[in-house]
1. Which ³J(HN,Hα) values in Hz, rounded to whole numbers, follow from the phi angles of segment 73-79 under the Karplus curve 6.51 cos²θ - 1.76 cosθ + 1.60, where θ = phi - 60° and Gly and Pro get x?
2. Which Cα, out of 150, 196, 230, lies furthest along the positive dipole direction of segment 47-255 (beta carbon charges, K/R +1, D/E -1)?
3. If you average 1/r over all unlike Cα pairs in segment 65-220 and invert the result, what Kirkwood radius do you get in angstrom?
4. Between residue 157 and residue 99, what FRET efficiency follows from the Cβ-Cβ distance if R0 is 22 Å, with the result rounded to 0.05?
5. I'd like to compare 136-143, 104-111, 120-127, 15-22: which one has the highest average count of other Cβ atoms within 10 Å, and what's the full order after that?
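All of the numbers you see were taken from the coordinates with simple rules; none came from a lab. Just so it is clear, the structure is predicted and the values come from calculations on it, not from any experiment. Here Cβ is always computed from backbone atoms with ideal geometry, including for glycine, and neighbour counts include all displayed protein chains.
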Amino acid sequence: MTVALDAAPARARPGPATVRLLIGLAVLGLWEVLPRAGLIPPLFLPPVSQTLAALVGSAGDYGRHLLFSLRAIAIAMLAACGLGIGLGLLIGSVAPLRRVLQPLTSGLYAVPIVILYPLFTAWFGIGAQSKIVFAAIYGLLPCMLGTMAGIQTIDRQYLTVARSMRASRWQVITRVMLPAAMPTVLAAFRVGGALVIVGVVVAEMLTSSEGIGYLISRYRTLLDSPHVFAGILVVIVLVLAFGALVRLVEDRTRHWRFSTRSGDAG
């Protein structure tokens, strides 16, 4: 006699958000336990509880310097991502120009731009100008390269139809190329924007008297590890918030993207 057995219900797999939460909790747990257990010297890695206590105790100081950093980040990001995406669309839409400039831009991107920061201070001084220009250039190249790469994935039929309707080059770029390349453009924006944040913080650590980077450098000189890691935590949260903002933009623009396939847009 055959006995029918009910199939065991399939276990539901945790979603990406749940996995990210679990990984974050695990990291925080190790961050607290390892220094407490003496496996890592607190000077190198203070417990997360001490880091949070330092952040809360100096919240006003961190908030004031964060506002200074955010102003520089906003200006540099507007210049880097706006100009980078604009140039990427323009260069990517002109095949001869793209063939000349894309290899050159890729070669420049391989150069560690931080070694050129002394030149920026010599040209623009040690104030906010050099920091903004440095961060803007730091984020401009990936935005431009990513956008140019996205242009090359557009189906040529879109361009053929637009040109047959006598669309101007501006209309082709803004109404065909940009929506079609939107996934790649947003990916480039994500990378370029994160590099802008990093560029501002690095510049503040090198030559500044204000900003989150300056606080990290100051407390590092004083060997105040909890406050150093509090500043690092602020930067991490800032980058994560920027990533969440980009994901929100991706969700809001999903309905007007085109399906794409590989092809030369030139």
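1. 3J(HN,Hα) across segment 73-79, in whole Hz: 5, 5, 5, 5, 5, 4, 5.
2. The Cα lying farthest towards the positive end belongs to 150.
3. That comes to 16.5 Å for segment 65-220.
4. 0.50
5. Packing order, densest peptide first, comes out as 136-143, 120-127, 104-111, 15-22.
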